[in-house]
Structures are given as structure tokens and as C-alpha cells.
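Everything on this sheet refers to the single structure shown next.
What follows is calculated from the coordinates using simple rules that are stated; it is not laboratory data. All of these numbers come straight from a predicted model, not from anything done at the bench. Cβ placement follows ideal geometry from the backbone for every residue including glycine, while neighbour counts extend to all protein chains displayed.
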Amino acid sequence: MTRKPSKAFLFAKERRSKKRRNISRPGGIGKLSKNDLINILSRLTAKTILTCCSVCKSWRTLISDPEFANRHFERDHDQEEVVLRPDGPGSLSRTLILIDLDRLKPYAQFSLPLNDQLPFSGIEVVNSCNGLLYLSSYLDKNPVLVCNPITREYINIPATHTDHQQERLQAVASGLGFSLKSNQYKLLRIFDVGYGHGFDNLRSHGRQAEIYTLGKGSWRVIDQFPPRIPHSFLFGTYLKGTISWACANDINDKFDFIISFNFDKEQFEFVSLPPYSAANHKGISDLRMQGLGGCISVCDFSCAEYFDIWLLKDFGGKKKIWSKDYRIHMLHGKVHQPIRILNNEEILMIQGLNAMVSYNHLRMKLRRHKICGIQSHFGASIHIPSFVSLKDIVGGDEVEVLIVKVKCM
């Protein structure tokens, strides 16, 4: 026996039907020009735009238009959001979850283009740049692919011209960045020459770096590399056209300096350390570097009761000064990873490996947030959603743009 639809169901169905009719009726939003619609929709948040994709086919087509994508990014390029990647038992999840920062709840879920050839446990998300995510091999740090989780597009990164010498080479760091000067996305790869013959032999051979411009099809070597050769590159942080690492000079992994690469100039630069007291520092484990509030930040964990957050502030583009802006009291001895300064001035952090908390530094109070749908450990990073297509970024036919088969939820 067929069940008769309820009055509430019929009423909701009629409301949806009226809304669809209102879009195209005379005087409705359907009468607006393409430019007016783009002007309106591009002002919305990524969360709302994803909902608009389901309104009608014409809106979905409009949102995939390059003009809309560029207009939205220009207006929303500094609207940082948090993306989570849960850890499964023995491997990393292929799932990315975008978090609504107003309610601290998931609002969209995407899948990374991982398969049998790219095992989940062997790939890491290195950094985010203007809506693109860069993934590399976890063990050898070699570039693997670049993807846009919003558009479900990705491209595989070609092998470098030095790959035939793998017995002598080992990538130690890599990162994705954007050059505002050339309007191009670039991948940087730093590798050892003479790998496998000991660190002393490495010093005699040196370390090299090369650049791959998305869409250009081949790698090229950077002529100049800093004379100081760091032993390790940690906490890769991308901000405003520059990627930076915390570096140690020797195997003791003492935090010695910060090295940055400018994608406009294609040059390396050295950045001074915060003026903290180094007396209590045992090594790199006492510090952590990340982006926070649009600045490079360093967390000093040398004290068991609290940790300090230093921000490298830019004064007019001419001078950068370290400022100790926050002191956060530790709870349960767990390490905290600051990831975002919220609109209410609270600092959103990852506590340990499986908890998201926010800290009010004025009241010295910490709130714990439960993220629905996440039961395991997870990693978190800042991501700016973008509707810009990888096809428009790479251009031409030299690079094949692929689509993730699993759709977003």
C-alpha cells in the first residue's frame, strides 16, 4: 500500500517549486544580467556558494565561469578557513573536511585524488596556496600532485630532470607558492647532491634547488643557493608569496635560523629568530613555526607551564620585528598548535592530536570544541577555498587536468 504524502511534505515541496519559479519570472533574479549575478554571488562565502550550485543549472554554470571564480577570489582571498584531514588506523584519510568557523562545524567534505599508485600512508599535504593544495611523498619529499578540492581537479607533477641520478639525490623540502609579479604558481624542490655518502660529503657537493612553473612542463635549476647548508627544513609555512622553514645546522636539531624563498624574486633569504632566551631550549622540539594572523609565528614550548607565541610583524614592508603577543597556559601537558585567530580574538588551536580548542588570552580561559563526524586523530591547516579552475591556471595542452571521481558531499 502506497503511503500518502504528509501535508508538511507537500507544503515544503510547493515552497521549493515557488522559489524555482521566482528565479525566472519577470522582475525576479533571473532578469539580472550575467555581470550583476556575478557581482552578487561572488560576495558570498564559499559555504553559501556551494549551496548555490544546487539551486539550478544556470547558477552552477555561472559559478564555474572563470570571470566569477576570479572575482570571488579577489574579494575573498584573505578569508581563511580551516581544513581537517582525519587519520585512519595505520594510514591517512583521503578525506578533507572544511570547517564553518562561525559554528565550528563541518560544512563540506572532499576527496583527495589518492589511489593504489598513491597510497594514503605515503602522501602528505605540504601546504595550501590560493585555494590549491600541494601533496608530496612523505618519505622522500618529492612533489606528487597539485589539486583544487573545490573544483575536484588535479594535475600530476612531472619528474625532475635530475631523477635519473636518484642514487645521488634526495629531496629534503618542497613547497607551492604564487608569484604576483608573473601571475604564476610555482613549485620549489630542494635536494641534496651527493646523498648517500654522508653529511660531510654533502657539504662538499652542496645542496641545490629547482623550480617548476605550473603549466610550463619542465623543471629548471636555480643558479644561486645560500652558502649556509641547513641540516633540516621543518614546519614549511607559506605566506604572501614566500615559503619559510625553521632550520637546524646539525643533527642535534637546534633551532638556528629561518630560511625563506621569495617566489617573485626566486631568491632565498635568511630571517632572524625571535629574541627569546635560548638557555632552556633543548632543541627543535621546544619550538613550532606556522602562519598565524597573516604573520609567521613561532611557539616557544621551553616552559612546562605555558608557551609564548611570537609574531613576525611587517611594518610598511621595510622592517620586520618579532613581537611576543600571547602567553597561553598549558593544559594536561599537551602541545598546542595555533591555527587561526577568530573574529572574537580567541585563538583556535589543535590540542594534542584529536582535540580542537579555542583560547581567550584576555580571560585566560580555554574552550573545547567537538567536531561532528570526526572520531579519530586529525591534522589541521589553513585553506582559502577557491573556485578557480586548474585548467585556467595551467593553460594550453601541455599538462593534463584530471578530475577526482569521488564527488564532494
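Quick notes on this one:
- Once backbone amide H atoms are built at 1.01 Å from N, V126 has Y134, L135, S136 as its partners under 5 Å, excluding neighbours fewer than 5 places away on the same chain.
- What the Cβ-Cβ distance of S137 and D65 gives, at R0 = 45 Å and to the nearest 0.05, is a FRET efficiency of 0.80.
- For the cross-link pairs K265/K324; K186/K370; K265/K365; K47/K186, the ones whose C-alpha atoms lie over 32 Å apart are K186/K370; K265/K365.
- For I150, residues with placed amide H under 5 Å, excluding near neighbours: S386
- 3J(HN,Hα) along the stretch 255-260, derived from phi through the Karplus expression 6.51 cos²θ - 1.76 cosθ + 1.60 where θ = phi - 60°, amounts to 5, 9, 6, 10, 10, 10 Hz, with x in place of Gly and Pro.
- Taking amide H atoms as placed 1.01 Å from N in the peptide plane, the amide H of S111 lies under 5 Å from those of L96, each 5 or more residues away in sequence or on another chain.
- Couplings 3J(HN,Hα) for the stretch 286-291, derived from phi with the Karplus relation 6.51 cos²θ - 1.76 cosθ + 1.60 (θ = phi - 60°), are 7, 9, 8, 10, 6, x Hz, where x marks Gly and Pro.
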